[in-house]
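Accompanying notes for the structure given below.
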Amino acid sequence: MSGRIYQNVVLQLKENTDRTIGVMDGEGVVIACSELSLIGQRWTEYVPVVNNASGALVSSEGKTFKALNGWGNQFDYAAFAFGENDISKAVCSVATVALNAAKAYYEEKHDRGSFIKDIISDNIMLGDIYMRAKELRVTADVARGVFVVRALKKGESVPTDVVQTMFPDRQNDFVLNIGDGDVVLVRQMPEGAGFRELNKIASSIEESLRSGTESTVVVGIGTIATHLRDLAKSYKEAQISIDVGKVFDTEKYVINYENLGIGRLIYQLPTTLCEMFLQEVFKKSEVKVWECRNCGHILVGTDAPEVCPVCAHPQAYFEVNAANY
């Protein structure tokens, strides 16, 4: 976020108090201050003090600090006021309210996360994507994976802060709250990444959110988006992965769209009709669903293939995922 926004707020507050006030970033650098000579100074000794306060007011060495709203356990910005008495604490609290309001307004109009959210929600025209990407300096043509994380129990929400902590690079990775409790991760992928890398990321999310040994979420994976305009398509695929997974395999907690097979074709039917279709077509059949234990690739047939077509591991790596449906 631009320090100029904070500096404008600080200068307005300066007219109503005799205390020196300002903003320090997460690395301890003063990026805005009513005393201009302090801008650019590095106060790294106060960073752990603010982090340990967990968002509360905290005083140290003649200064009072309060972290601004943000993600995770580490603060991004903190307001400060010189002094440790009640007046300084009140000034710091008022400054925090004003700075948070300015931060929210700025992010609504210019934040990269809001931009990505508009794309996957189809709330932005195709022509505007290119213009906004250039304004926000978001690279348009890099590979990105889209993951939808959904709580297994209805009414529960996914702990966004845990996912955000796992992927702290806010310049390239985006953790978004969308819909009724879903958390969406849009992660920039290395060149040449594919099926295996996507599954590895999704599995790490599912494992990190477990309660003991029990899974609490299901993670849907879309195909890799090679351009910003493809994010909406990949997001819908990740959603479909979860919805179709409810019909095919209720015990699977990481579901890749590329593994759905016939599920993609019958997804347009209502869930009850999908279930009836499977029961009628595969009743008393020897058809089984085989899954490669190495890469997770899924095939439907009476026998496992001699070699996995994805990772080239031998037939022994295949196990029955579902039999006779």
| task | Compute the Rg to Rh ratio over the chain from the alpha carbon atoms, using the Kirkwood formula for Rh, and round to two decimal places. | result | 1.10
| request: Using a cut-off of 10 Å between beta-carbons, work out the net charge of the residues near Ala304 (Lys and Arg +1, Asp and Glu -1, Ala304 not included). | output: -3
| task | Please tell me the relative contact order of the chain in percent, rounded to the nearest whole number, where contacts are Cα pairs under 8 Å and at least six residues apart. | result | 11
| message | Just to verify a number: FRET efficiency for Lys14 and Ser121, C-beta to C-beta distance, R0 = 35 Å, to 0.05? | response | 0.30
| Non-local amide H neighbours of His297 (under 5 Å, H modeled in plane, Pro and chain starts lacking H): which ones? | Cys292
| Contour minus Cα-Cα distance for Thr165 and Ser208 (0.36 nm per residue) | 14.4 nm
| Counting only residues 5 or more places away or on other chains, whose amide H sits under 5 Å from the amide H of Thr20 once H atoms are built in the peptide plane? | Phe82
| said: Helix-only mean residue ellipticity at 222 nm, the chain, DSSP H runs n ≥ 4 weighted -39,500 (n - 2.57), per residue, nearest 500. What is it? | reply: -11000 deg cm²/dmol
| task | Report the extension gain between Val94 and Val142 in nm, rounded to one decimal, defined as 0.36 nm multiplied by the number of residues separating them, less their alpha carbon distance. | result | 13.1 nm
| note | Quick calc, Gln188 & His313: beta-carbon distance into FRET formula, R0 35 Å, rounding 0.05, result 0.75
| said: Given a Förster distance of 51 Å, report the FRET efficiency between Lys153 and Ser60 from their Cβ-Cβ distance, rounded to the nearest 0.05. | reply: 0.75
| query | So what is Rg over Rh here for region 81-136, counting just Cα atoms and using Kirkwood for Rh? | reply | 1.30
| note | On each of the three principal axes the extent of the alpha-carbon atoms of region 1-138, given in whole Å and largest first, is 53, 31, 24
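Read-outs throughout are calculated quantities, based only on the coordinates presented, and are distinct from any laboratory measurement. This structure is a prediction, so every number in the text was calculated from the model and none was measured. Neighbour counts run over all protein chains shown; Cβ positions are idealised from the backbone, glycine included.
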